Amino acid sequence: MQLMPDEIIVFTIGGFGFNETIVYTWVVMAILTGSSIIITRNLRPDVPPNRWRTALEVIVTVIQGQIEDIARHASRHVLYFSGTLFLFIATSNLLLVVPGFSPPTASLSTTAALALSVLIAVPLFGISTKGLGGYLKSYTQPSVIMLPFNIISEFSWGLSLSIRLYGNVMSGAVIAGILLGLAPFFFPVVMDALGLLTGLIQAYIFAVLATVYISLATTKPGEPIKKEQS
Amino acid sequence: MSTDWVTVIAQVANFLVLVWLLKRFLYKPILNGIDAREAEIADRMSEAERAKTKAAAAEAEFVARKQRLQVEDAAIVDAVHKEAQRQRDTLLAEARQKLELEQRDWRAHLEREQQKFTAELYRAGADTLYQLVRKALHDLADESLEERIVLHVTVQLKSMASELLAAAGNSETAVAITHTALPDGARATLTRELQALLPDVPLRFVKDEHQAPGLILRIGSAQLAWTVDSYTEEMADLLSERLATGGLGRVAGNDR
């Protein structure tokens, strides 16, 4: 039983092997981008919205609403980041039902990359909002003694994010593999249905946690809730 | 479980590219479209609000104009009623005046007709009375009424000789007027008797059908009349009295 798609090389160019994780990530990217281009190509005020455009608007506005409920600084940059996280993870997990498709999120490299992205994005959002001095000063809050703990906390939640996503996605695959050996004709269907549910939940949790971390990094103490449009 | 850091870096890059792609082809078009639609809806709502305000103003103007028209209508109707009342009063007054004039004319005409009828009745009565008396006198006594009248006149003239002389004055002629022509004998008798009283005044005979039956002698300013007029008036009085009593009562003095 192959558990890590990183180890499967699909093709090689110039001595560099492109594994399943990267290739299927491109597939997901192509699906998301292609569908977005097709749906939004005739997006003009004088053209009435069709059902696909309406569905897309619902998805985007729901994501934006969730972010606005969580973050104090609900800028569009947060939407771009957290929304892409959700759509990428959700699409990858939903494609689990496609025979032969290996979700990129089942790779620890992908989850680590997403966690690393969050880890890098949080200080960038914080610096863009508070300024470099203001953001670094937040590590000494409420006192200088808390500096090492804040640094450890900063890295630990990034690690926990990646492990949580990987563990949940992989657990489904591992459980499915075990149960496949016990009852090969019944359990795979149930596990696929369960995988769809847990995949959406994981995508939601990952995006919400990322938004929470960004919100914490961009919020000044005692600052009232404010929504920005950029 | 192992981590391929090359794959991690590649996935980070893939993720960043995906963020840019979705920002370019999903979020911006969708959100800008929503914003544009919201702006369009806001414009339409504001336009609808302006139209509503305009409609409200038009409605208020319409109501005010309607009220003005109602007031003007009431004034016009009141004026028309007053004018109609005035014209009605005028027409009624004219009708009353015309009716009064027609009634007056009618009464005058009726009175004239009554006078004419009465005069004709008198004349016819007098003529009938004269003819009856004349016929009765001729049939019963073989006498001519004209001759008897002339004889009666001659007797009366003798008793009035002095008054006749005074009345005659410088008169050059005397006129005897009768309804019908007098018989020759009667003419001769009257001429002889008058010549005896007034020798210088010749007598002339005149027939006047409008004159009542009898004899009228005119000398100067004096006039002596022996006609049936008084009898005719008496007969009219008797007839009136009889009609007043319903035609059943007996006329006073009729038993003589």
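Every number in this text was worked out from the coordinates using simple rules, so none of it is lab data. All of these numbers come straight from a predicted model, not from anything done at the bench. Glycine also receives a Cβ, built like all others from the backbone with ideal geometry; neighbour counts cover every protein chain displayed.
Gap in Å between the Cα centre of region A:48-113 and the Cα centre of region B:129-167?
When both Cα centres are located, 162 Å separates them.
Looking only at GluC sites (Glu not before Pro) in DSSP loops with at most 12 other Cβ atoms within 10 Å, what is the longest site-free stretch of chain B?
So the longest stretch without any such site is B:1-171.
Using Cβ counts within 10 Å as a stand-in for footprinting exposure, how do B:109, A:77, B:210 rank, fewest first?
B:210, B:109, A:77
If you restrict to DSSP beta bridges whose two residues both lie in region B:88-223, what percentage is antiparallel, to the nearest 5?
60 percent
What does the structure give for A:28-38 when I average, per residue, the other chain Cβ atoms found within 10 Å of the residue Cβ?
Partner-chain Cβ atoms within 10 Å, mean over residues of A:28-38: 4.
How would A:36, A:143, A:156, B:144 line up from fewest to most surrounding beta-carbon atoms within 10 angstrom?
Sorted ascending by nearby Cβ count, the order is A:143, A:156, B:144, A:36.
With Rg and the Kirkwood Rh both taken from Cα atoms, where does Rg over Rh land for region B:144-244?
Radius of gyration relative to Kirkwood radius: 1.05.
Simple spin-label model, 7 Å along Cα-to-Cβ: residue A:62 to residue B:229 in nm?
A separation of 13.9 nm, rounded to one decimal place.
Can you list which of the DSSP-assigned H helices in chain B have a Cα extent of 15 Å or more along the long axis and an average Kyte-Doolittle score of at least -1.0?
The qualifying helices are B:5-22, B:28-141, B:145-159, B:184-197, B:229-244.
I need the per residue convex hull volume for region A:5-218, using only the alpha carbons, in cubic angstrom as a whole number.
Roughly 170 Å³ of hull volume per residue.
Using only Cα atoms, locate the centre of region A:6-34 and the centre of region B:1-74, then give the distance between them in Å, rounded to an integer.
Distance between centres, Cα-based: 40 Å.
For a Förster distance of 30 Å, can you work out the FRET efficiency between the beta-carbons of residue B:133 and residue B:171, rounded to the nearest 0.05?
Between residue B:133 and residue B:171 the formula returns 0.40.
Would you please name the trypsin sites (Lys or Arg not before Pro) within region A:38-118 that are DSSP coil residues with at most 14 other C-beta atoms within 10 Å of their C-beta?
Here the sparse-neighbourhood loop sites are A:41.
Once you have all Cα-Cα distances for chain B, histogram them in 10 Å bins from zero and send the whole-percent values.
Binned Cα distances yield the sequence 5, 13, 12, 10, 7, 5, 5, 4, 4, 4, 4, 4, 4, 4, 3, 3, 3, 2, 2, 1.
What share of the DSSP beta bridges in the protein assembly as shown is antiparallel, in percent to the nearest 5?
Rounded to the nearest five, the antiparallel share is 70 percent.
Exposure proxy check: B:177, B:41 ranked by fewest other beta carbons within 10 Å?
B:41, B:177
What FRET efficiency comes out for residue B:160 versus residue B:93 if R0 is 60 angstrom and r is the Cβ-Cβ distance? Round to the nearest 0.05.
E(calc), rounded to 0.05, equals 0.45.
Can you tell which of B:115, B:11, B:70 shows the greatest fluctuation in a Gaussian network model of chain B with Cα springs below 10 Å?
Its mean-square fluctuation being the largest, the pick is B:11.
If you average the sequence gap of Cα pairs under 8 Å that are 6 or more apart and divide by the length of region B:144-244, what percent do you get for the contact order?
33 percent
Considering only B:235, A:105, A:64, whose Cα is most displaced toward the positive end of the charge dipole of the protein assembly as shown, charges sitting on Cβ of Lys, Arg (+1) and Asp, Glu (-1)?
Result: A:105, furthest along the dipole toward the positive end.
Using just the helices of chain B, give the 222 nm mean residue ellipticity in deg cm²/dmol: DSSP H runs with n ≥ 4 each add -39,500 (n - 2.57), and the total is spread over all residues, rounded to 500.
-26000 deg cm²/dmol
Testing the spin-label approximation: label points 7 Å from Cα along Cα→Cβ at residue B:110 and residue B:54. State their distance in nm.
Placing both labels 7 Å along Cα→Cβ, they lie 8.0 nm apart.
For chain B, set up a GNM with springs between Cα atoms under 10 Å and report which of B:21, B:129, B:217 has the largest fluctuation.
Highest fluctuation among the options: B:21.
Any idea how far apart residue B:184 and residue A:145 come out in nm if each label point goes 7 Å out from Cα toward Cβ?
19.5 nm
Counting only residues 5 or more places away or on other chains, whose amide H sits under 5 Å from the amide H of residue B:174 once H atoms are built in the peptide plane?
B:203, B:204
Let me have the relative contact order for chain B, percent, based on Cα pairs under 8 Å that are six or more residues apart.
It comes to 15 percent, rounded to a whole number.
Between residue B:24 and residue A:136, what FRET efficiency comes out of the Förster formula 1/(1 + (r/R0)^6) with R0 = 41 Å and r the beta carbon distance, rounded to 0.05?
About 0.80, to the nearest 0.05.
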